[in-house]
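Undergrad: I have a structure I would like to understand better, so I am pasting it below and will then ask my questions one at a time.
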Amino acid sequence: MKTIAEQVRDLENTRAAKAARMTDVMQKSIDEGRSTDASESEEFDALEVEIKQVDEDLVRLKKLQVMQGQSAAPVSGESKAAGSSSRGPMIIIKSKDQDEKFEGQNFVRKAIARTIAKMDGINAGAYAEMRWGKSNPSLVDIIKTDIAGGGSGSGEWGAELVAMDGRYTGDFITYLYSKTLYNQLPLREVPANVTIKGQDGAATGYWVGESKAIPMSKPDFSTVNLSPLKVGALTVMSKELLRDSSPSAELWIRDSLVMAAAQRIDSTFISTTAASAGSTPAGILNNIPGTTSAGTDSAGVLNDIKELRARFINVNNASGLVWCMHPGLASSLSLMRNALGQKEFTEINQNGGMLEGDPVYVSENVSSSRLVLLKPSEIFRIGNGPVEVSMSEHATIEQADNPAGASDTPADQTQGIVGMFQTESVAMKVVQSVNFARRRTTGAVAWISNADYGGSVST
């Protein structure tokens, strides 16, 4: 059976052949200085209809390529942290056009094409072809197929750029996931808005004699219901930056979109923060007391490891554990030496690795003094929703990290009010739906609150 790519190639060859035949038919009558006869006219018109049908089939096949790509797996050479799993229907494209310099570049270019097209009142596909047609032709093809002509009326895509899904979402999402501990960990995904009862303690079984009553087991249960909550990031950039064709400008835009969202997700996920109803989930360390470290030397590290593991062993739930820590703490562990100058912990470095047989995940959003041990399968999360990107060149933005604005409870906005129109700027907003919660109170997470292995760094 032919692949879709092979069918596309065959149809393109068929179209070229039919177009060439149409030229031959007309050229013959032109060379003979006459109008086309009945048979020539009939053949020309039939070929025109057939080409139209081929063009329609090509559009359908290219859309099918996009749809099938959304369940594609990584191709060759993608290294993943131990225990990580698929993140659902996303595209990870490994074959790249010559001008693709970094992950997420195609997503950024699609966003830029839509934004510039709206600002200038032109077609996004035409703009993309003019700017990247030679170096990034596959992206241009997708934009032409995927995006209709822009408009500024209510309800048209030109009014606001929303739901930036499609073929080239994959490279952006892959980069975003790589920057968050929350997305790297193989947490247990559950449906949104569904109540799930989870066992919160170990049940006990019994040997039973013939004709004897079976003793009642008494496991404890907890209930979890996760509703989607939003993580949003808002940034402002100049129109000059959007029009800049250099990869460094596109890289800046990508990082602006990713870093704020990644920092907020992780800093809440691995925190002691309490939940805020309808707004913020509780951190997985919330209501779990931290343990004081036994010391800064290797003996202290081993005692801390033993102490944390005991929290899981005591509830018969000690398999599949992982460590979470700051890269600096992982680096400190990797630099510890014994009296002979040998490494105390040989399988760990600042990028992760293993610590006494369990995988290590690192994130700069974990406190540098916290050593966290957790069981990913005991932490629920709803499946990752699409990343939505919106842009506006006419919005008025309250440029502050504690804005007073709220549509349900209006308040005066007095700090950092900036108009995009007046400043020739564009506001870009990224929103993703996420939520998470521990499945159980005990046997899910344990942590050291004041880890300082190897001692302070001398300056």
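Undergrad: Given a cut-off of 24 Å, name the pairs among Lys101/Lys230; Lys179/Lys306; Lys134/Lys429; Lys230/Lys429 whose C-alpha atoms lie farther apart than that in the structure shown.
TA: Working: Lys101/Lys230 30 Å; Lys179/Lys306 30 Å; Lys134/Lys429 30 Å; Lys230/Lys429 12 Å.
Checking Cα-Cα distances, Lys101/Lys230; Lys179/Lys306; Lys134/Lys429 exceed 24 Å.
Undergrad: Note down the accessible area of Arg370, probe 1.4 Å, to the nearest 10 Å².
TA: Counting only protein heavy atoms, Arg370 exposes about 50 Å² to solvent.
Undergrad: Any idea what the alpha-carbon Rg over 2.2 N^0.38 Å comes to for the range 310-398?
TA: After normalising by residue count via 2.2 N^0.38 Å, the value is 1.58.
Undergrad: For labels at Leu335 and Phe421 in the simple 7 Å Cα→Cβ model, what's the distance in nm?
TA: 5.5 nm
Undergrad: Give, in nm to one decimal, the length gained when the segment between Asp120 and Asn13 is fully stretched (0.36 nm per residue of separation minus the Cα-Cα distance).
TA: Extra length available between Asp120 and Asn13 comes to 34.9 nm.
Undergrad: State the extension gain, in nm to one decimal, for the chain segment bounded by Ser227 and Ile30, taking 0.36 nm per residue of separation less the distance between their alpha-carbons. Kindly include the intermediate steps, with their values, before the conclusion.
TA: On the way: separation 197, 0.36 × 197 = 70.92 nm, distance 6.99 nm.
Net length gain for the segment: 63.9 nm.
Undergrad: Same structure again: Would you tally the net charge around Asn365, using a Cβ to Cβ cut-off of less than 12 Å, leaving Asn365 out, and scoring K and R as +1, D and E as -1?
TA: Around Asn365, the charge tally is +1.
Undergrad: What's the extension gain from Asp141 to Glu240 if we count 0.36 nm per residue and subtract their Cα-Cα distance? Can you show the working numbers first?
TA: Working: separation 99, 0.36 × 99 = 35.64 nm, distance 2.54 nm.
Length difference between fully extended and current span is 33.1 nm.
The values are calculated or read from the model by the stated rules, or taken from the named source; none is laboratory data. All figures in this text were calculated on a predicted structure; none of them were measured in a lab. Note: ideal-geometry Cβ built from the backbone for every residue, glycine included; neighbour counts use all protein chains shown. Areas reflect the complete protein model, heavy atoms only, side chains present, ligands, DNA and RNA absent. Shrake-Rupley method; radii C 1.70, N 1.55, O 1.52, S 1.80 Å.
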